[in-house]
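The values are calculated or read from the model by the stated rules, or taken from the named source; none is laboratory data. The structure displayed is predicted, hence computed values, not measured ones. Positions of Cβ are backbone-derived with ideal geometry, glycine not excepted, and every protein chain shown enters the neighbour counts. Heavy atoms of the whole protein, side chains included, go into the accessibility calculation; ligands, DNA and RNA do not. Shrake-Rupley method; radii C 1.70, N 1.55, O 1.52, S 1.80 Å.
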Amino acid sequence: MVDESSTTALDGSPPKVAILPTAAGLETSVSSWIRDGEAHFGALGCEAYGVRATDRAGVEDREHVAALAAADLVYLSGGSPGYLVETLRRSAAWEVIVQRWLSGASLAGSSAGAMAMGEWTLVRREGQIGRMPAFWEPGLGLLPGVGVTPPSDRFGPERTLPRVEDAPDEMVVLGIDEDTVILLAGGEARVLGLRTVTVWRERQPTRFASGDLIPPELVRFP
């Protein structure tokens, strides 16, 4: 999850953090994502609140959109990346999130929340067996030319490598371990957290530890 180093640059006194659990809309964990997020960001000195927009009606709701527009940071929860993309794409909620991001607000995602931001995202299809999504489909497109896999350290190389092999040509795959983030700030991409990030370019891996900068010639972030 986002740590103190990721929130110190936020505007607002205290910074406002909107927790958006849309990705968990098909699960029973919506309340826990909001509760845990409020506790985590509250401990960092933020004013955190949940935006319970978990279906298409919710992401078009005016009150929910206004709550997102007021945030200095929007945090996308874990859950299903396919459902998150399907629900948010071309919605009023996503439009205001992108507008806020372009105007200087921050955006963060955990697991499915991070996966959905790429040009491509991994999804499950009907009849798929297993926990790890297996098929690349268009994501929300905030990170052109990029796809994000589920936590590499949890799923292991035997399940991660086939996803890398199946990735569209010229796509960069980011394998972000649990308790680890890529912080984009000031034109730099820096790894922060307890573990590592593996960048797959042309299906060749380069690993970065906490504190390392990811060079722009390897991944060009917006």
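Identify all residues within segment 14-47 that are β-branched (Val, Ile, Thr) and at pLDDT 95 or above; write none if there are none.
Going through segment 14-47, the residues β-branched (Val, Ile, Thr) turn out to be 17, 19, 22, 28, 30, 34.
Scanning segment 14-47 gives VAL17, ILE19, THR22, VAL30, ILE34.
Can you pull out the strands (runs of 3 or more DSSP E) entirely within segment 128-222 that have at least 1 residues that are of a type in the set (Val, Ile, Thr), surrounded by fewer than 18 Cβ atoms within 10 Å (Cβ to Cβ) and in contact with a strand residue (DSSP E or B) (Cβ under 9 Å, 6 or more places away or on another chain)?
On the way: elements: 135-138, 143-149, 172-176, 180-185, 188-193, 196-201, 204-209.
Strands (runs of 3 or more DSSP E) meeting the threshold: 196-201, 204-209.
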Among the residues of segment 103-123, is there at least one that is within 28 Å of PRO14 (Cα to Cα), surrounded by fewer than 19 Cβ atoms within 10 Å (Cβ to Cβ) and among the hydroxyl-bearing types (Ser, Thr, Tyr)? yes
So which residues in segment 30-51 are assigned to a loop (DSSP other than H, G, I, E, B) and buried (at least 17 other Cβ atoms within 10 Å of the Cβ), if there are any at all? LEU44, CYS46, VAL51
Sort out which residues of segment 89-102 are part of a helix (DSSP H, G or I) and either closer than 24 Å to GLU178 by Cα or not β-branched (Val, Ile, Thr) (or both), and write them in order of number. ALA92, ALA93, TRP94, GLU95, GLN99, ARG100, TRP101, LEU102
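Being among the β-branched types (Val, Ile, Thr) and closer than 22 Å to ARG159 by Cα narrows it down to one residue among VAL85, VAL59, VAL65, VAL123; which is it?
Details: VAL85 fails: closer than 22 Å to ARG159 by Cα; VAL59 fails: closer than 22 Å to ARG159 by Cα; VAL65 fails: closer than 22 Å to ARG159 by Cα.
Exactly one of VAL85, VAL59, VAL65, VAL123 is among the β-branched types (Val, Ile, Thr) and closer than 22 Å to ARG159 by Cα, namely VAL123.
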GLY156 - would you say it is under 21 Å from SER110 (Cβ atoms), among the small types (Gly, Ala, Ser) and without any contact (Cβ under 8 Å) to a residue 24 or more places away in the chain? yes
Quick one: would you say ALA209 is small (Gly, Ala, Ser) and modelled with pLDDT of 95 or more? yes
Flag if ARG125 is basic (Lys, Arg), out of contact with any Pro (no Cβ under 7 Å at 6 or more places or on another chain) and in contact (Cβ under 8 Å) with a residue 24 or more places away in the chain: no
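Table: residues versus (1) closer than 20 Å to MET115 by Cβ; (2) touching a Phe, Trp or Tyr at 6+ places or on another chain (Cβ under 7 Å).
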position	(1), (2)
ALA48	no, yes
ASP55	yes, no
ALA71	no, no
SER77	yes, yes
LEU84	yes, no
LEU88	yes, yes
SER91	yes, no
TRP94	yes, no
Looking across segment 53-88 at residues that are closer than 29 Å to GLY186 by Cβ and assigned to a loop (DSSP other than H, G, I, E, B), the single one that is most open to solvent (accessible area, probe 1.4 Å) is ALA70
